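The values are calculated or read from the model by the stated rules, or taken from the named source; none is laboratory data. A quick note: this is a predicted structure, and the numbers were derived from the prediction, not measured. Quick reminder, even Gly has a Cβ in these numbers, built from the backbone with ideal geometry, and neighbours come from all protein chains shown. To get the accessible areas, we keep the full protein, side chains included, count just its heavy atoms, and leave off ligands, DNA and RNA. Shrake-Rupley method; radii C 1.70, N 1.55, O 1.52, S 1.80 Å.
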Amino acid sequence: MKAAIIASSVISPQQTYNSDGFPPELIETIADHLVCVEPDYRNLLNPIQLRRMPRILKMGLACSQTCINRADGISPDAIIVGTGLGCLDNLEKFLLEVLISNEHVTSVLPFINSTHNAVAAHVAMLLKNHNYNITYCHRCFSFESALQDALLQMEEKKAKNILVGGIDECTNDFMKLHGYLGYWKDPQSNLKLLSGKSSGTIAGEGSAFFMLSGEAGEGENRVLLDGVHTFFTPQKADTAEILEEIDWLLQKSGSRLDEIDGVMLGVNGDYRFTELYDDLQKNCFSDNTEFLYYKHLCGEYYTSSAFALWLGCVVLRNRHIPDALRLNGKSGHAINNLLIYNHFRNKEHSLILLRYGQF
Amino acid sequence: MEDLIKQLKQDIIEALSLEDVVADDFDADTPLFVEGLGLDSIDALELILLMERKYGVKIEDPKERRNVLRNVRAMAECIVNHRNTNG
């Protein structure tokens, strides 16, 4: 099953909200984490509701609303969201209050807005949409699970147009706790993420929404989502094993490895986890394959592949690869078949296959 | 009493994240709910919590809650009465 991506919207640490193209200038941040550039929500959301919303909810609602507007106001038959950690900031507030109040009275709002499914639920309430509504919280598989569910819903003819989102936020406590585990680099420039050999990466956050359609206008080239595949802790974790998984996905979508002319890798600057990416880049694809990367723009977070999908759509649709995305020096052709490969600390591996063409 | 009213107004703005409201936008007799500040039942829960946590006033009776939360002056009077009663 495939789906056309007919609209998208993203809020990220770059200036990506106002237009659906690659930002003309990149934001350089010297830090151990990247923070989203957020729009002025007062122009987008009801001020009375706005004051109660945590930041992640505002990001999700603004982003989903823009995506729907770009899809000419289509009312989705399903709303599916992936989030690794949900409304983390409010969850932390709520748990802290429980602790401080010795498990007595706590504030209402952090509790109401602390659940993982708050974003998908609020999107539905805003749209007065009573259709299928679900949130996947599977760490680094969260967004991929949402995409897989969307494709299955279409395959079973349960939905024609589906709003799919991936969203996560970065909080101080999250940074601190994962810092103890050696997840982060010392503050450095995000645009030099891959320079030098050091452990850790730069954290990030973002919200990305897509309108997928099981039908699309004939005779019109579109970005097509042609398949999604996930696999957990591969035994050998070598390129042969990864290639087997790639082959499985390609066979399922009726294509071959030599047709892939672009690969977007989730390389994140942590030397402990770059070997697979390096081997794939050097040994597994044809010489003309363009290799791209994206985490220097959005940072590492559980649903960063949603940002990668958005970038993939931009690259395919615009028929142009911005220099800032290139991992290798190729400069020729526009990409038609793009494979996004990401893994999180060698545990959750995911593949997303995109095509540019007719439905 | 006037100092308490001033403080309460600030507390309400902070507790309810009324970003576009300043203390001078409403007076002590402005209705808090529906008209006036336009607060709702979720805000009422936050105000009950504010009264309990910051001022030590626990209001159990729903009818009394409705009466106390009608405006800032009523809230201030309730706090003063509570202080007088409990020393």
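Annotation: amide H-H contacts under 5 Å for B:Leu39 (H modelled 1.01 Å from N, sequence separation of 5 or more, or interchain): B:Phe33, B:Val34.
Put a dot 7 Å past the Cα of A:Lys128, heading toward its Cβ, do the same for B:Gln10, and the two dots end up 4.3 nm apart. Computed with a 1.4 Å probe over protein heavy atoms only, the accessible area of B:Glu19 comes to about 130 Å². Identify the residues of segment A:127-143 with backbone N under 19 Å of a label point that sits 7 angstrom from the Cα of A:Ser75 along the Cα-to-Cβ direction, or state none. Correct set: A:127-134.
Once the Kirkwood radius over Cα pairs is known for segment A:218-275, the Stokes-Einstein relation at 20 °C and 1.002 mPa s delivers a diffusion coefficient of 156 µm²/s. Taking max minus min of the alpha-carbon positions on each principal axis, segment A:1-109 gives extents of 50, 41, 34 Å, largest first. Accessible area per residue (1.4 Å probe, heavy atoms of protein chains only) ranks A:Ser304, A:Ser19 as A:Ser19, A:Ser304, with the largest value leading.
At q = 0.17, 0.19, 0.21 Å⁻¹, what base-10 log of I(q)/I(0) does the Debye formula yield for segment A:261-336 when every alpha carbon is treated as an equal point scatterer in vacuo? So the normalised log intensities work out to -0.64, -0.80, -0.97. Given the C-alpha centroids of segment A:11-27 and segment A:209-282, what is the distance between them in whole angstrom? Rounded to whole Å, the Cα centres lie 24 Å apart. With each label modelled as a point 7 angstrom along the Cα→C-beta vector, the B:Lys54-B:Glu2 pair spans 2.0 nm. Restricting the calculation to Cα atoms, the protein assembly as shown shows an Rg/Rh of 1.06 when the hydrodynamic-style radius is the Kirkwood one. Solvent-accessible surface of chain A, taken per residue with a 1.4 Å probe and all protein chains present: 42 Å². Charging the Cβ of each Asp and Glu at -1 and of each Lys and Arg at +1, and nothing else, the dipole of segment A:225-357 about its Cα centre rounds to 400 debye. Each other residue within a Cβ distance under 10 Å of A:Ser9 adds +1 if Lys or Arg and -1 if Asp or Glu, for a net charge of 0.
After finding the eigenvalues of the alpha carbon gyration tensor for segment A:225-357, what semi-axes result from the square roots of 5 times each, listed largest first in whole Å? Before the final figure, lay out the partial values.
Numbers: eigenvalues 80, 60, 41 Å².
Output for segment A:225-357: semi-axes of 20, 17, 14 Å.
Note on segment A:138-264: percent of Cα-Cα distances in each 10 Å bin, starting at 0 and stopping at the bin with the largest distance, equals 9, 27, 35, 22, 7, 0. Between B:Thr85 and A:Asn102, the modelled label-to-label distance comes to 2.3 nm, taking each label 7 Å out from Cα in the direction of the beta carbon. Taken over segment B:1-53, the alpha-carbon convex hull comes to 77 cubic angstrom per residue. Here B:Ala44 and A:Leu181 are evaluated by their C-beta separation; at R0 = 56 Å the FRET efficiency comes out at 0.85. For the protein assembly as shown, a simple Cβ point-charge model (Lys and Arg +1, Asp and Glu -1, everything else neutral) yields a dipole of about 260 debye relative to the Cα centre. Between A:Lys197 and A:Lys252, the C-beta separation translates, for a Förster distance of 35 Å, into a calculated FRET efficiency of about 0.45.
Positive end of the dipole of the protein assembly as shown, charges at C-beta (+1 Lys, Arg; -1 Asp, Glu), about the Cα centre: which of A:Ser207, A:Asn268, A:Gly227 has its Cα farthest in that direction? In the protein assembly as shown, that residue is A:Gly227. The heavy atoms of A:Glu241 present about 30 square angstrom of accessible area, all protein chains included, probe 1.4 Å. In the protein assembly as shown, a dipole from Cβ-located charges (positive for Lys and Arg, negative for Asp and Glu) runs towards its positive end, and of A:Met125, A:Val314, A:Tyr17 it is A:Met125 whose Cα lies farthest in that direction.
Counting residues in segment A:3-213 as N, plug N into 2.2 N^0.38 Å and put the Cα Rg over that result.
Values: Rg = 17.9 Å, N = 211, 2.2 N^0.38 = 16.8 Å.
Expressed relative to 2.2 N^0.38 Å, the Cα Rg reads 1.06.
Between the listed residues B:Phe26, B:Cys78, B:Gly38, the Cα displaced farthest toward the positive end of the dipole of chain B, a dipole computed from Cβ unit charges relative to the Cα centre, is found at B:Cys78.
A 1.4 Å probe, protein heavy atoms only, puts the accessible area of A:Met1 near 90 Å².
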